[in-house]
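Enquirer: A single structure is presented below for examination.
The values are calculated or read from the model by the stated rules, or taken from the named source; none is laboratory data. Because the structure is predicted, anything quoted here is derived from the model rather than measured. Glycine also receives a Cβ, built like all others from the backbone with ideal geometry; neighbour counts cover every protein chain displayed. Just so you know, the surface numbers come from the protein's heavy atoms only, side chains and all, with ligands and any DNA or RNA stripped out. Shrake-Rupley method; radii C 1.70, N 1.55, O 1.52, S 1.80 Å.
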Amino acid sequence: MGKRGVVTDYAGEEIYPGDLINYAARQGNRVRVSDAYVEKVTAVLEGGRLRPMLKVQPTGTESGFTKRRTMRTEWISAEHARLIMANPGHED
C-alpha cells in the first residue's frame with residue numbers, strides 16, 4: 001500500500017498537505033463528489049487501529065445540483081479519497 005506512517009488514497013498514492021483530492025461527501029440523504037485541498041494529514045486511534053484522517057478545504061467544485069451551504073474545512077477519512085494533483089512542493 002505505501003510506506004509505513006504515510007497516508008495514502010485508496011489507490012496507494014501518497015497524500016500530503018497542499019494536494020488536490022476528490023472525496024465522497026454527504027448531502028442530506030444523498031452523496032456528492034467534492035474536490036478539496038488537503039490542509040493537514042494525521043491518524044486517529046479508533047478501536048485499537050490507526051485511522052488515517054485528512055483536514056480538507058473544499059474548492060466548491062462538486063457533483064449534484066444543490067449548492068454547498070458552507071465552504072468550511074472538514075475532517076474526512078482518507079479511505080474514500082483519491083489524489084487528483086500532487087502539490088509540486090513535495091514531489092521527489
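Enquirer: How much accessible surface does residue 66 have with a 1.4 Å probe, in Å² rounded to 10?
Expert: 70
Enquirer: What Kirkwood hydrodynamic radius do you get for region 19-85 when you take the inverse of the mean 1/r over all pairs of distinct Cα atoms, in Å?
Expert: Working: mean 1/r = 0.0802 Å⁻¹.
Kirkwood radius, region 19-85: 12.5 Å.
Enquirer: Further question: So how much accessible area does residue 13 have, in Å² to the nearest 10, using a 1.4 Å probe?
Expert: Residue 13 exposes around 90 Å² with every protein chain in place.
Enquirer: Calculate the spin-label point distance for residue 79 paired with residue 50, positioning each point 7 Å from the Cα along the beta-carbon direction, and give it in nanometres.
Expert: Modelled inter-label distance: 1.6 nm.
Enquirer: Please compute the net charge surrounding residue 77, taking Lys and Arg as +1 and Asp and Glu as -1 over other residues with Cβ under 13 Å from its Cβ. Please list the in-between numbers first.
Expert: Working: positive: 26, 49, 51, 55, 82; negative: 9, 46, 74, 79.
In short, +1.
Enquirer: Additional query: Using a Gaussian network model on the chain with a 10 Å cutoff between Cα atoms, which of 67, 55, 40 fluctuates the most?
Expert: Greatest mean-square fluctuation among the candidates belongs to 67.
Enquirer: So how do 10, 37, 16 rank on accessible area, 1.4 Å probe, biggest first, that is with the largest at the start?
Expert: Details: 10 140, 37 110, 16 75 Å².
Ranked list, largest accessible area first: 10, 37, 16.
Enquirer: Sorting 19, 35 by accessible area (1.4 Å probe), largest first, what list results?
Expert: Working: 19 0, 35 30 Å².
Output order, biggest surface exposure first: 35, 19.
Enquirer: Here's something else I'd like to know. As a test of reading the structure, rank 45, 83 by solvent-accessible area (1.4 Å probe, protein chains only), most first.
Expert: Values: 45 125, 83 35 Å².
So, going from the largest accessible area down, we get 45, 83.
Enquirer: If you take every residue apart from residue 58 with its C-beta less than 12 Å away from the C-beta of residue 58, what net charge results, scoring Lys and Arg +1 and Asp and Glu -1? Display every interim value, and only then the final one.
Expert: Working: positive: 32, 55, 67, 68, 69, 72; negative: 35, 39, 62, 74.
Here the count lands on +2.
Enquirer: Might you work out the accessible area of residue 63 for me, using a 1.4 Å probe with all protein chains in place, and round it to the nearest 10 Å²?
Expert: 50
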